[in-house]
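The values are calculated or read from the model by the stated rules, or taken from the named source; none is laboratory data. All values reported here derive from a predicted model rather than from experimental measurement. Methodologically, a virtual Cβ is constructed for each residue, glycine included, from the backbone with ideal geometry; neighbour enumeration extends over all protein chains shown. We work out accessible area using only protein heavy atoms, side chains counted, and drop any ligands, DNA or RNA first. Shrake-Rupley method; radii C 1.70, N 1.55, O 1.52, S 1.80 Å.
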There are 2 protein chains.
Amino acid sequence: MQKISNTFFYQLEKTVKTYRQYFQAQMKTHGFDITLDQWLILNTILDYPNASQTEIAEKVFKDKASITRIIELLIKNEYLTREGHPTHGRMFQFQLTPKGLKTIEQLNQLVPKFRENALAGTASENIEVSQSLMQIIVENCKRE
Amino acid sequence: MQKISNTFFYQLEKTVKTYRQYFQAQMKTHGFDITLDQWLILNTILDYPNASQTEIAEKVFKDKASITRIIELLIKNEYLTREGHPTHGRMFQFQLTPKGLKTIEQLNQLVPKFRENALAGTASENIEVSQSLMQIIVENCKRE
DNA sequence: ATATTTTTGTTGATATATCAACAACCTGAT
DNA sequence: ATCAGGTTGTTGATATATCAACAAAAATAT
């Protein structure tokens, strides 16, 4: 069998982990007390203010259970509040606190730079090729 | 800011997760009672029989602590045994049990097919382009 | 209007990731 | 021989992933 370390999927995992570590380290350096995943959820709530937790889960391809727990932490750490939905007794409506909003605004200045740094020295057409390739893989894996 | 869902790193995470789910589901379908990560560690021990846990951790870019716990489970589930190292009082030597060996042998027939299925309909030069791209990203992230 | 099914979110159990602190051991310098 | 510093593996705390079971509410069918 092909050496695992030469496979595409090995490299994929390695890249995700390395980028996550870089991202998290940068957050810490810049004084943020929030995880990559918490940032992702806050951001998704801002982009889709009326999404249910289930919809948020789909958008970030996480489990509903993970969303429940990440949101729990965001509320505990005062980045987010939630209220019962006016008409749907099972859903919630979310609102970023001032602290949450400020954090996102600051991070949205920084995050594009993280991406640029990570992608430095790469050709944009190669990035596009890779994205298309990954889309095919996702389709293949979902089909089977 | 660019919509997160269009970014390269979003696609990267999505692809890793989807492939992991596919892999894990296939394992279950074929009657294996082992996780992707456990398979990865077993395989690494076979490839590098004299590696220390720290070295294994580096090879699979996991934390030493994760390796301790995954190995603990592999031993508990009787895929692996370990003994103290003859000369180094702090290290261990590992040995797959017959059950472990059989599992790996069977999986090493299957896993290449998982990869082929996931990569179906993709051009090999695009795979190579993507791998090179990811290598650059890893270097960029480690440097900073 | 009632029964059935679906949707929505929570919880428990288990596996893994990450960070920090730690103990035991090893090595090298003095 | 001793001491300082590095290595190796473990443990605790916390965050997340995944699966399954579940309860409450909503939507649909009859």
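Checking the conditions here, which among B:GLU105, B:GLU139, B:GLU128, B:GLU116 is open to solvent by 40 Å² or more (accessible area, probe 1.4 Å) and either more than 20 Å from A:GLU13 (Cα to Cα) or not in a helix (DSSP H, G or I) (or both)?
B:GLU105
Of all residues being among the hydroxyl-bearing types (Ser, Thr, Tyr) and in contact with a helix residue (DSSP H, G or I) (Cβ under 8 Å, 6 or more places away or on another chain) in segment B:21-76, which is farthest from B:LEU107 (Cα to Cα)? Just the residue, please.
Top of the filtered list is B:THR54.
Taking interchain pairs and intrachain pairs at least six residues apart, which have beta carbon atoms under 7 angstrom, with the first residue in segment B:30-42 and within 17 Å of B:VAL16 (Cβ to Cβ) and the second open to solvent by 10 Å² or more (accessible area, probe 1.4 Å) and within 8 Å of DNA strand C (Cβ to nearest atom)?
B:ASP37/B:ILE70
Within segment B:26-76, can you find the residues that are more than 10 Å from DNA strand C (Cβ to nearest atom) and away from chain A (no Cβ under 14 Å)?
B:GLY31, B:PHE32, B:PRO49, B:ASN50, B:SER52, B:GLN53, B:THR54, B:ILE75
Report, by residue number, each residue of segment A:72-95 that is within 16 Å of DNA strand D (Cβ to nearest atom) and surrounded by 13 or more Cβ atoms within 10 Å (Cβ to Cβ).
A:LEU73, A:LEU74, A:ILE75, A:ASN77, A:TYR79, A:LEU80, A:ARG82, A:HIS85, A:MET91, A:PHE92, A:GLN93, A:PHE94
Show the residue pairs meeting these rules: Cβ distance below 6 Å; 6+ apart or different chains; first residue within segment B:122-140 and modelled with pLDDT of 95 or more; second residue not hydrophobic (A, V, I, L, M, F, W, C) and not in a helix (DSSP H, G or I).
B:LEU133/A:THR122; B:ILE136/A:GLY121; B:ILE136/A:THR122
In segment A:54-71, which residue that is open to solvent by 40 Å² or more (accessible area, probe 1.4 Å) and more than 8 Å from DNA strand D (Cβ to nearest atom) is farthest from A:ARG90 (Cα to Cα)?
Result: A:LYS59.
Closer than 27 Å to A:PRO98 by Cα, among the hydrophobic types (A, V, I, L, M, F, W, C) and within 12 Å of DNA strand D (Cβ to nearest atom): is that true of A:ILE34 in this structure?
yes
Hey, could you check segment B:107-142 for residues that are hydroxyl-bearing (Ser, Thr, Tyr) and more than 18 Å from A:VAL16 (Cβ to Cβ) and say which is farthest from the other protein chains (Cβ to nearest Cβ)?
Only one residue fits best here, namely B:SER124.
Between a first residue in segment B:1-19 that is open to solvent by 50 Å² or more (accessible area, probe 1.4 Å) and a second residue that is of a type in the set (Phe, Trp, Tyr), which pairs have beta carbons less than 8 Å apart while being 6 or more apart in sequence or on different chains?
Correct list of pairs: B:LYS14/A:PHE61; B:LYS17/A:PHE61.
Which condition number does A:PHE23 fail, the rest of (1) without any contact (Cβ under 8 Å) to a residue 60 or more places away in the chain; (2) within 12 Å of chain B (Cβ to nearest Cβ) being met?
(1)
Determine whether segment B:48-61 contains at least one residue that is within 30 Å of A:GLN131 (Cα to Cα) and outside any helix (DSSP H, G or I).
Yes, segment B:48-61 has at least one match.
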